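Read through the structure below, which is laid out as structure tokens, and then see the notes.
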Amino acid sequence: MCQLLGMNCNVPTDICFSFQGFRLRGGHTDEHKDGWGIAFFEGRGCRLFLDSKPAAHSPVAELVRVYPIHSLNVIAHIRKTTRGSVAVGNIRLIAKSVSESVVILFLVPTP
């Protein structure tokens, strides 16, 4: 099974502290070493980062850890493979734009 970290706030909030602990669960303090992803809103824009490396050792996760994220909505995912290969395409954290002002963040199960 995978693990999720989610945050929904009424004012832009810093996720860096929570992400640091969650990131370590991705291959250092836990067995969820088969990739990770994080998506968050930055104003009206959406950022999505995915990597097939363990979150605990990923240079992309280190970038996210030091990036000053202040967001109303954040979802992060660390993967433990039960089906499919270890690959960015199997992380399944999706940001879908449905209009100019609406983006939906969701997690899709691996087929």
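What follows is calculated from the coordinates using simple rules that are stated; it is not laboratory data. What you see is a predicted model; the values in this text were computed from it and never measured. With ideal geometry, Cβ positions are generated from the backbone for all residues, glycine too; neighbour counts draw on all protein chains shown.
What to note about this one:
- The slack between R83 and T13, meaning 0.36 nm per residue of separation minus the straight C-alpha distance, is 21.8 nm.
- Model label sites at H70 and Q3, defined 7 Å from Cα along the beta-carbon direction, differ in position by 2.8 nm.
- Sparsely packed loop sites in region 1-67 (the trypsin sites (Lys or Arg not before Pro) outside DSSP H, G, I, E and B with at most 13 other Cβ atoms within 10 Å) comprise R44.
- Compactness of region 1-80, taken as the C-alpha radius of gyration over 2.2 N^0.38 Å, stands at 1.01.
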